[in-house]
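Read the structure below first, then the notes.
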Amino acid sequence: MDKFAIAASLQEIGTLLELKGGEYYKARAYRYGARAVAELSEDVGKLIKENRLTFVKGIGYALAKQIEELYTNGESSLLNKLRAELPPGIIELASVPGLTVKKVAQLNDVLGITTIEQLKAAAAAGKLRDVKGFGAKTEQKLLEAIAGHKNQERRIHLHHARRAGERILDYLGTAPGFVEGELAGSLRRSKETVSEIIVVASAKTPNKLIDRFVGFPLVMRVVEQTPQYCSAILSEGFKATLFAVKPEEFPAVLLQATGSEAHLKKLEQIAAKRKLRLTARGVENLGRGPAGNKARAQVIRTKSEWEIYDRLGMQYVPPELREDEGEIEAALKGTLPEDLITTDDIRGMVHCHTTYSDGKHSVAQMVHAAEAMGMKYITITDHSPTAFYAGGVKIDRLQRQWEEIEQIQEQTKIKILKGTESDILKDGSLDYPDWILEQFDVIVASIHYRYKMNEDQMTRRVVTAMRQPVFKIWGHALGRLIEKRPPFECRVEEILDVIAESRAAIEINGDPYRLDMEPRWLRKARERKIKFVISTDAHSTGALDNVKYGVGVLSVLCVSVVNGFAAFFTTETQRDTEIHRGKP
Ligand SMILES: [Zn+2]
Ligand SMILES: [Zn+2]
């Protein structure tokens, strides 16, 4: 077995363990291990021979044994055992919402169903109601679930897509004749999730880039390949597509590959009005050619995306804004802000956890990491006591943390703010008694439990919290987890009205699973002149980097500026504002 086949088997073991239940960490170890194996730069056989498998990060003793077995025998006893224990077709069938392992086993026992196709046929024929526990209603629900499931393509979280995309770029960079490369598609537009990783790269001989791409260690399977284009499935299951072009074609192809469709369509209309046409090679002049040569259109080579926009008589539009939500009109009028907030503007790391609650690193480690990133301040905001499952900090330990912060503060230039991520309790009060709350420099107020209150109760809960007299930042406001948990129910605008009149701000949470709030609500908040804080919600030093995703959200929001709302990017963000005690 080669490393990809081994990785695929480990992945299957992980998934089966997870479905079987009860061994969460073991399941996770196998999935991590699968990735580690797929990414190995050394030969598996050599590692096994020299007994060095366990030296690889992510591969422990148990995993190493399975890898050895797979490599030498082509099969794994653990995988065989799991396959025998669970009903056939379980991985495919368990992906249908509403189907548990037990139900899949019943369907298999009674009707011999092992695939979604068979399940669909049986449900449509009304055969499921013969199985104990299935009725006509369940049948209908399953049919709906299957239909919904089919339309749903696999979405990749932004940070995973970016990581994989950047690795592809690094790798292509070593190809002979490589000139430049860039991520494109919705990844470049900073969407929350993307359906595929698109890369545009240029070289004198583009074909060589395709050859190189096909050999990328994480490519599992090539789906389609031409001399200019290649689409493949990576080991993590992501789809990745490379457009390989000549250097002079790069800007135009990058623009096309970045999208969005709606944005490009409008650009085409503007081009047509100017007797121009956008093509993969640049901008084509459709007007009368030289010496009456009408038939041959003249191609104007463009050196950059900036030049293409310029030829169309408009300002350059940053990728994050290319959604046809008013940015084109603004660019034509020249009113697009040219100073979108960037990560370079960020002065502070807000919302950081440490080992006092559920963080991985100590206060000192977080502080030094933030300082190394050039920050001027950091807020230490560990969980409050009610979040006991996340190691919520009780008062005595909190006071110890404050002493520690004071000691560290003496040895460092970066300003350390004492804070908390205080739970918003059921009744809307904040965790900790008032005399403690008053001593914090900053409070992130978040909901972590009882998500299922009804709209009325939830609205009252948050409104009460936001009316508390201390200054607070509404943390990961609506509690969503992208692709996993929807925002909780509440009347958002009513809450925003209250925040606008309270001592409160709204967090833009940089955790790529949260990115809370969504731009549509941030626009509403902006209309009310509510202040924002871009946070990292970091639980480790590495996660401080999450702030860039928060910046991405705020860049998108610039469209609201376009639509006539207040311009705030230069004056009211972390760019120039330091958080002072009690107010940002
Ligand atoms: Zn939280
Ligand atoms: Zn947090």
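Averaged per residue, the chain has 47 square angstrom of accessible surface, using a 1.4 angstrom probe with ligands and nucleic acids left out.
Between A84 and Y229, the contour length at 0.36 nm per residue exceeds the Cα-Cα span by 48.0 nm.
Between A372 and K102, the contour length at 0.36 nm per residue exceeds the Cα-Cα span by 92.0 nm. Farthest towards the positive end of the charge dipole of the chain, among the residues L70, G287, A525, is the Cα of G287, using unit charges on the Cβ of Lys, Arg, Asp and Glu. Report the charge-dipole magnitude of the chain in Debye, nearest 20, computed about the Cα centre from +1 at each Lys and Arg Cβ and -1 at each Asp and Glu Cβ. Magnitude of the dipole: close to 1360 debye. Tell me, what is the FRET efficiency for K265 and K529 to the nearest 0.05, using R0 = 35 angstrom and their Cβ-Cβ distance as r? That pair, K265 with K529, gives E of 0.55.
In order along the stretch 172-178, phi translates into HN-Hα couplings of 5, x, 8, 6, x, x, 4 Hz, rounded to whole numbers, per the Karplus curve 6.51 cos²θ - 1.76 cosθ + 1.60 with θ = phi - 60° and x for Gly and Pro. How many nm is it between the label spots at K333 and F55, if each spot is 7 Å from the Cα in line with the beta carbon? With each label point 7 Å from Cα toward Cβ, the separation is 6.4 nm. Under 15 Å from a label point set 7 Å out along the Cα-to-Cβ vector of E75, the amide N atoms of the stretch 3-22 belong to 9.
Ligands, DNA and RNA left out, the accessible area of the stretch 1-159 computed with a 1.4 Å probe is 52% carbon and sulfur. Summed over qualifying helices (DSSP H, 4 residues or more, each -39500 (n - 2.57)) and divided by its residue number, the chain shows a 222 nm mean residue ellipticity of -12500 deg cm²/dmol. Kirkwood hydrodynamic radius of the stretch 333-491 from all distinct Cα pairs, in Å? Taking the inverse mean of 1/r over all distinct Cα pairs, the stretch 333-491 comes out at 17.0 Å. Please sort by residue number the GluC sites (Glu not before Pro) in the stretch 448-554 whose DSSP state is loop and whose Cβ has at most 15 other Cβ atoms within 10 Å. Sparse-neighbourhood loop GluC sites (Glu not before Pro): E483, E501. At a threshold of 8 angstrom on Cα-Cα distance, excluding pairs fewer than six apart, so keeping six or more, what relative contact order does the chain reach in percent? Normalised by residue count, the contact order of the chain is 9 percent.
Would you please give the FRET efficiency between E410 and K137, computed as 1/(1 + (r/R0)^6) with r the Cβ-Cβ distance and R0 = 56 Å, to the nearest 0.05? So, using R0 = 56 Å, E works out to roughly 0.25.
With R₀ fixed at 45 Å, the C-beta to C-beta distance from D358 to E92 puts the FRET efficiency at about 0.80. Binning the C-alpha pair distances of the chain at 10 Å intervals from 0 yields a P(r) profile of 3, 14, 20, 23, 22, 14, 4, 1, 0 %, listed from the shortest bin outward.
The values are calculated or read from the model by the stated rules, or taken from the named source; none is laboratory data. Worth saying up front: this structure is predicted, and the values here are computed from it rather than measured. Every residue, glycine among them, receives a Cβ derived from its backbone with ideal geometry; neighbour counts consider all protein chains shown. Areas reflect the complete protein model, heavy atoms only, side chains present, ligands, DNA and RNA absent. Shrake-Rupley method; radii C 1.70, N 1.55, O 1.52, S 1.80 Å.
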